[in-house]
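The values are calculated or read from the model by the stated rules, or taken from the named source; none is laboratory data. Owing to the predicted nature of the structure, the values given are computational and were not obtained by experimental measurement. Virtual Cβ from ideal backbone geometry, glycine too; neighbours counted across all protein chains shown.
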Amino acid sequence: MEDPGRCKKVRGKYFMMTENKNTVFAGIICLAVAVYLFTSCESLVDYSIFDADIDAEMLNHSAISKIPPVEGPLPDTLRFAVFSDVHDNYDEMAAAITSINRQPGLKFVICGGDITNSGLTKEFRWYADIMKRSHYPLITLIGNHDHLANGLMIYEKLFGNPNASFVYGQYKFVLFNNTMLENYNKSPRYQWLRDELPDNDYTNILISHIPPFADEIDDLNRMVLNTITSSGNVKLCIHGHLHKFRETEYNGIHTVVAGDISDREYYVVKLKDDRALVEIVKF
């Protein structure tokens, strides 16, 4: 007959062994997770807010250089496409690019900024991979979300200076970075903008992410911006940021605000002389 005390003792040992097994099993799981994480450093870096490891491609310079030159008389109408505020809606962006590629006679495409949601390297790479599917040269502005984390540094490496301009025929397109809050409250480069907008040399098209009437722009900066644009022969302003299409007359200038890409629409702008017609295209 078994000694009851011994049986109790044996059962006690068995119970303790079960606890030890659970502890060992939990340790194995933790070790496996640690091994996975430390052998997947690329994934960790890709999603780190401190990562800015991306190749310098100067994609805006490359796109501008690929815009077909004006040969002979300028066509009656200059046509280009605009979309904005991609954030993390990359499937919708890909669908928009496919639709834009089917548009006849475009000279280029402009994205109005906020190509990322959090300014992460991985988001910039996702956008860049999709934008390269465009059959037309695609020029990308910087948005306020693109300044988050190390976004400004990544943008400059990938696209170049966020303040840039190019000329097509009689039109000068001026891309202006007017983000302040997410850019450490730095003042935009107003002197640069003033120098880029001569009075009568070209019909000027000003493109910036944030509309001057948005809440993020205070009265003083709004006054400075309005003074520069009203004296710079600006005939059209194009913005994003507000996530809803709007077409209005502001500061005496025809102003278009693009909705975000999740609305599944983009815009074909047709310029003739100093007049602009904007067509909403659903996709």
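Just to be sure, is S231 of a type in the set (G, A, S) and surrounded by fewer than 18 Cβ atoms within 10 Å (Cβ to Cβ)? Step through it out loud before you land on a result.
Values: of a type in the set (G, A, S): yes; surrounded by fewer than 18 Cβ atoms within 10 Å (Cβ to Cβ): yes.
So S231 passes the test.
With the condition kept exactly as written, say whether any residue in the stretch 170-178 is assigned to a loop (DSSP other than H, G, I, E, B), under 24 Å from V82 (Cα atoms) and within 21 Å of the chain's Cα centre (by Cα). Quick ask: steps written out before the conclusion?
Residues of the stretch 170-178 that are assigned to a loop (DSSP other than H, G, I, E, B), as a first pass: 170, 177-178.
Pick out the ones that are also under 24 Å from V82 (Cα atoms) and you get 170, 177-178.
Now drop any that are not within 21 Å of the chain's Cα centre (by Cα), which leaves 177-178.
Yes.
So which of I142, I154 is buried (at least 21 other Cβ atoms within 10 Å of the Cβ), of a type in the set (A, V, I, L, M, F, W, C), in a loop (DSSP other than H, G, I, E, B) and out of contact with any strand residue (DSSP E or B) (no Cβ under 7 Å at 6 or more places or on another chain)?
Being buried (at least 21 other Cβ atoms within 10 Å of the Cβ), of a type in the set (A, V, I, L, M, F, W, C), in a loop (DSSP other than H, G, I, E, B) and out of contact with any strand residue (DSSP E or B) (no Cβ under 7 Å at 6 or more places or on another chain) holds for just one of I142, I154, which is I142.
Just checking, which of L197, L236, L152 is among the hydrophobic types (A, V, I, L, M, F, W, C), within 25 Å of E57 (Cα to Cα) and in contact (Cβ under 8 Å) with a residue 12 or more places away in the chain?
L152
For the subset of the stretch 188-224 comprising residues that are β-branched (V, I, T) and either assigned to a helix (DSSP H, G or I) or touching a helix residue (DSSP H, G or I) at 6+ places or on another chain (Cβ under 9 Å) (or both), which member is farthest from Q170 (Cα to Cα)?
I217
Looking at L148, is it within 16 Å of the chain's Cα centre (by Cα), in the same structural domain as I67 (by TED's automatic domain parsing) and either buried (at least 19 other Cβ atoms within 10 Å of the Cβ) or within 19 Å of V278 (Cβ to Cβ) (or both)?
Details: within 16 Å of the chain's Cα centre (by Cα): yes; in the same structural domain as I67 (by TED's automatic domain parsing): yes; either buried (at least 19 other Cβ atoms within 10 Å of the Cβ) or within 19 Å of V278 (Cβ to Cβ) (or both): no.
So L148 fails the test.
Quick grid of which residues meet (1) acidic (D, E); (2) surrounded by fewer than 16 Cβ atoms within 10 Å (Cβ to Cβ):
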residue: D201; (1), (2): yes, yes
residue: I210; (1), (2): no, no
residue: A214; (1), (2): no, yes
residue: R222; (1), (2): no, yes
residue: L225; (1), (2): no, no
residue: C237; (1), (2): no, no
residue: L242; (1), (2): no, no
residue: A258; (1), (2): no, no
